[in-house]
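Read the structure below first, then the notes.
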Protein chains: 2
Amino acid sequence: MKPMKAAAIAHPNIAFIKYWGIRDEERKLPSNDSISMNIGCLSTRTSVAYDPQLTSDTLTLNGERVEGEPLSRMSQFLDRIRKMAGANLYAHIDSENNFPIGAGIASSASAFAALALAGTAGLGLNLSEEALSRLARFGSGSACRSVPGGFVEWRTNEDTGESYAFSIASKNHWALVDLVAILSDQHKQVGSEAGMLGADTSPLQAARIQDAPRRLELCRSAILNRDFDALAQVTEQDSNLMHAVMMTSHPPLFYWHPQSLAIMLSVRDWRAEGIPVTYTLDAGPNVHVICLQEAMPEVLSRLRQITGIIDVLKGVPAGPARLLQPY
Amino acid sequence: MKPMKAAAIAHPNIAFIKYWGIRDEERKLPSNDSISMNIGCLSTRTSVAYDPQLTSDTLTLNGERVEGEPLSRMSQFLDRIRKMAGANLYAHIDSENNFPIGAGIASSASAFAALALAGTAGLGLNLSEEALSRLARFGSGSACRSVPGGFVEWRTNEDTGESYAFSIASKNHWALVDLVAILSDQHKQVGSEAGMLGADTSPLQAARIQDAPRRLELCRSAILNRDFDALAQVTEQDSNLMHAVMMTSHPPLFYWHPQSLAIMLSVRDWRAEGIPVTYTLDAGPNVHVICLQEAMPEVLSRLRQITGIIDVLKGVPAGPARLLQPY
């Protein structure tokens, strides 16, 4: 008999070129392609144990039993896997994050990448990385980027609708560090998936999408050539573009806190001084301060002088989602 | 002989629909139409004394003799007036502001509106409001909006290039108050006129311009119908749109300070509570907190609880630029 239990680990990712807006809700196709880096040290570990005794799925999240929306979202995702495998078994899902969830770190990305891998392996399915990435996308768009390792591009074929992420460079390609300045570990008021449904209400979204190929090209080249200054410029512009769309949507979404802006302005000043450092923000107030490894001590010491930062998480480029021994 | 000296007063204005970007530098045509309100209590008083003894123009600004760029800019503007009048006389310009200049309050708007009026009257020219507005535009774009009184629209005819501002409602039409929360009285690093030359480097500027007719229509109706909530929504969106363009230009321009954002977020919360209050920011960190007169005491008391505000200026809708007895 095939194994009924599997466990996997996946890392959140931070996008240099953001995903914001859905072109096709049914097929989960994004409005634009995106580029990200998996963040090591931060991770989600998920085990899925299919059990013939169960009459519904159950979810333990960070040690606590959870029902409602988080469970039903994961359960719907497992339905998709059950259909692929032709199996009709409910499961115990046990998921642990080592970082705050719902606060602008892509917790749903690592969660659904890990769930896709453990959920399929538990039913004996052995999907290719590409198929796994495609599957993870239906749990949370950016989860498809947490399946491959290192520096990742998520691309959609306009004609076929094929949409999945793949590595453009390995985790060892470039010694970047992501210092995540945590301003708040409270769960944000409007989640990413809900927020981006309003993206098209901004008069700026179409222009942001139309300009995306230019930014993707700049970002890809900057990564492949390890050109930090080029990466910084396009990363900051892309982050500003996404937040510009958010702030001009109906209703407007402000994810920045005043201290987020204080950090952004400081990072710009520091780079003007010659320190290889840049910033980017996902749908939350925490600032991803990304620098070359050699600059980390200096950047950390400067971050410590900014008020309002309650913690700094450190991440380096990380590998793909992978199977673990079940726990 | 015609009078050789004249003095005028003009008020700065705060735009609900912003001017940002120049379509035709030579003819000083803006990229989009705009709507503003003159701000009473704040004013610039300027006297212009033409003197056959002078061999060049002189400028006294807030009691101090000034040369360099401020003088040459005013002097070039007087050249235009001298040409109109067929006169060849230099002048003493004496200009006083009762508010900090160059900090996101439209000091150049009131300055050039007053200079246009005093400068022409001093040479015996008696221009119509329309002609004066058109003239003031060449000193500083938004100065054309400080010529007519009350609530003002600056419109450009696409075909003829005719471009001037006119009243859409008098100062007594609607009892609004502009509480200008001053965060910094330092002169900004990049002035508006220089900053907006980079507007077209933002991937968002074209979309902002293209959407302007919709916002102008919403804003004009909100003013004419005294619909505060409608005014608030379009005013905040328009301010966010302009700053979105600024922050995504090459190089990016950040005029917001962290405490600007703190005020913006507070104002949104207060309005959600039912207080008729909104915000808008020009090219500077200071926040124009605009409310109905009846809400002023409450809004003022709440503003006093926000750290970082060094002063609050109060302005009510004001009349047009007008002549004074020379001083």
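The values are calculated or read from the model by the stated rules, or taken from the named source; none is laboratory data. Predicted model only: the values in this text are computed from it and were never measured. Here Cβ is always computed from backbone atoms with ideal geometry, including for glycine, and neighbour counts include all displayed protein chains. Areas reflect the complete protein model, heavy atoms only, side chains present, ligands, DNA and RNA absent. Shrake-Rupley method; radii C 1.70, N 1.55, O 1.52, S 1.80 Å.
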Within the stretch A:239-261, considering residues that are part of a loop (DSSP other than H, G, I, E, B) and more than 7 Å from chain B (Cβ to nearest Cβ), the one farthest from B:Q237 (Cα to Cα): A:H257
Going through the stretch A:207-226 one residue at a time, which ones are away from chain B (no Cβ under 13 Å) and open to solvent by 30 Å² or more (accessible area, probe 1.4 Å)? A:E217, A:R220, A:S221, A:L224, A:N225, A:R226
Picking from B:V267, B:V245, which residue would you name as being open to solvent by less than 20 Å² (accessible area, probe 1.4 Å), modelled with pLDDT of 95 or more and more than 21 Å from the chain's Cα centre (by Cα)? B:V267
Answer residue from the stretch A:284-304, given it is among the aliphatic types (A, V, I, L, M) and closer than 24 Å to A:K171 by Cα and is most open to solvent (accessible area, probe 1.4 Å) among those: A:M296
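Only one residue in A:S192, A:S167, A:S202, A:S184 is out of contact with any Ser or Thr (no Cβ under 9 Å at 6 or more places or on another chain), of a type in the set (S, T, Y) and assigned by TED's automatic domain parsing to the domain that holds A:A222, so which one is that?
Selected residue: A:S184, the only one of A:S192, A:S167, A:S202, A:S184 that is out of contact with any Ser or Thr (no Cβ under 9 Å at 6 or more places or on another chain), of a type in the set (S, T, Y) and assigned by TED's automatic domain parsing to the domain that holds A:A222.
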Just to be sure I understand, how many residues within the stretch A:227-238 are charged (D, E, K, R), away from chain B (no Cβ under 13 Å) and surrounded by 19 or more Cβ atoms within 10 Å (Cβ to Cβ)? 0
It is to be established whether one or more residues within the stretch B:254-261 are among the polar types (S, T, N, Q), touching a Gly at 6+ places or on another chain (Cβ under 9 Å) and open to solvent by 10 Å² or more (accessible area, probe 1.4 Å). yes
Please work out if A:A49 is outside the structural domain of A:V287 (by TED's automatic domain parsing), of a type in the set (A, V, I, L, M), part of a strand (DSSP E or B) and under 17 Å from the mean Cα position of the chain (by Cα). no
Taking the stretch B:275-322 as the search range and keeping residues that are modelled with pLDDT of 95 or more and acidic (D, E), which one is nearest to B:A165 (Cα to Cα)? B:E294
When the residues of the stretch A:189-206 are narrowed to those that are without any contact (Cβ under 8 Å) to a residue 12 or more places away in the chain and within 14 Å of chain B (Cβ to nearest Cβ), which ends up nearest to the chain's Cα centre (by Cα)? A:Q189
For the stretch B:102-184, which strands (runs of 3 or more DSSP E) that fit wholly inside it have 2 or more residues that are open to solvent by 10 Å² or more (accessible area, probe 1.4 Å)? B:151-156, B:163-169
